[in-house]
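Report on the structure given below.
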Amino acid sequence: MTFSETSIPGAFVIGLEERRDDRGFFARAWCANEFEAHGLNPRLVQVNLSFNEQPGTLRGMHLQRAPHEEAKCVRCTRGAIYDVVLDLRPDSKTYKRWEAVELSADNRRMLYVPEGCAHGYQTLAGDTETLYQVSEFYAPDSEDGVRWDDPAFAIEWPDTPNRVLSPKDAAWPDFHHAA
C-alpha cells in the first residue's frame, strides 16, 4: 500500500501496490501493521456501504464527537466521488481547512479521515457506491455535522445542475466555534 499525507495532518490518500500478471493484479487493500507504521488508527469495527443513484448526490459533512470519535477509510467501489476531509480539531494548525480528492472505482484509492475531522462527498457519476471502514460503532448521541456550503469553510464543490441533498444535511446550522 502507498500512503500520501494530504495538507490536513493525519489525513492520507492510500493507494494500492498492484502485483500484476497476465490474470490481472493482486493488491493488499488493508493492513493494520501498515496503518500503525504510518501513525494511523488501525481499529476496524464497522463497514458501511452507501449507494447513490444520481450524479450530484452530496452526503456530508459528518463526524462523531467524543467520546465516540471515529476514523474513517473511504473507498469508491463503483462510479466516482469528489471526497472532502474538513479539519475540525481546534488545536490543529489546519483547523477549518479542507482538502478534496477524487476517488473512483478506476483509481481504487482510499481516503483516511482522522478523528476530529468531518467527511463528505459528492458523486461524480450515477450509480455510485462508496464503502466506509470505521474505527468506532455508530453512536447517535455523538453524531454531528456541519453544512456542506457553510461560508466558514468555503468548500469548493463541483458544479452540478441537480444537487441531491438530504433535508438533514441541508439543515446543519452555521458553524460558530472559536478558532
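The values are calculated or read from the model by the stated rules, or taken from the named source; none is laboratory data. Since the structure is predicted, the reported quantities are computational estimates derived from the model, not experimental observations. Note: ideal-geometry Cβ built from the backbone for every residue, glycine included; neighbour counts use all protein chains shown. The accessibility values were calculated without ligands, DNA or RNA, using every heavy atom of the protein model including side chains. Shrake-Rupley method; radii C 1.70, N 1.55, O 1.52, S 1.80 Å.
Given the condition free of Cβ contacts under 8 Å to residues at least 12 places away in the same chain and either within 30 Å of Ser166 (Cβ to Cβ) or of a type in the set (Lys, Arg) (or both), answer yes or no: does some residue in the range 21-38 qualify?
Looking through the range 21-38, at least one residue is free of Cβ contacts under 8 Å to residues at least 12 places away in the same chain and either within 30 Å of Ser166 (Cβ to Cβ) or of a type in the set (Lys, Arg) (or both).
Checking Lys96 against (1) open to solvent by 30 Å² or more (accessible area, probe 1.4 Å); (2) part of a strand (DSSP E or B), which single condition isn't satisfied?
Among (1) open to solvent by 30 Å² or more (accessible area, probe 1.4 Å); (2) part of a strand (DSSP E or B), Lys96 violates only (2).
Looking at this structure, is Thr130 open to solvent by 50 Å² or more (accessible area, probe 1.4 Å), part of a strand (DSSP E or B) and either within 22 Å of Leu16 (Cα to Cα) or out of contact with any helix residue (DSSP H, G or I) (no Cβ under 8 Å at 6 or more places or on another chain) (or both)? Please lay out each step first, then the result.
Values: open to solvent by 50 Å² or more (accessible area, probe 1.4 Å): no; part of a strand (DSSP E or B): yes; either within 22 Å of Leu16 (Cα to Cα) or out of contact with any helix residue (DSSP H, G or I) (no Cβ under 8 Å at 6 or more places or on another chain) (or both): yes.
So Thr130 does not fit the description; no.
Quick check on my filter: what residues within the range 102-116 are over 18 Å from Val146 (Cα atoms) and either open to solvent by less than 20 Å² (accessible area, probe 1.4 Å) or in a loop (DSSP other than H, G, I, E, B) (or both)? Before the answer, list the steps.
Taking the range 102-116 as the starting set, the residues that turn out to be over 18 Å from Val146 (Cα atoms) are 102-112.
Hits for the range 102-116 are Leu103, Ser104, Ala105, Asp106, Asn107, Arg108, Arg109, Met110, Leu111, Tyr112.
Scan the range 2-48 for residues that are over 18 Å from the mean Cα position of the chain (by Cα) and polar (S, T, N, Q) and report the count.
The number of residues fulfilling the criteria is 1.
Out of (1) more than 25 Å from Asp159 (Cα to Cα); (2) open to solvent by 70 Å² or more (accessible area, probe 1.4 Å); (3) in contact (Cβ under 8 Å) with a residue 24 or more places away in the chain, what's the single condition that is false for Phe51?
Every condition holds for Phe51 apart from (1).
Where residues in the range 1-48 are of a type in the set (Asp, Glu) and under 22 Å from Glu102 (Cα atoms), which of them is most open to solvent (accessible area, probe 1.4 Å)? Can you show your working first?
Within the range 1-48, the subset of a type in the set (Asp, Glu) is 5, 17-18, 21-22, 34, 36.
From what is left, the residues that are under 22 Å from Glu102 (Cα atoms) are 5, 17-18.
Details: Glu5: 106, Glu17: 83, Glu18: 75 Å².
My answer is Glu5.
Could you list, in sequence order, all residues of the range 54-93 that are buried (at least 22 other Cβ atoms within 10 Å of the Cβ), of a type in the set (S, T, N, Q) and in a loop (DSSP other than H, G, I, E, B)?
None; the set is empty.
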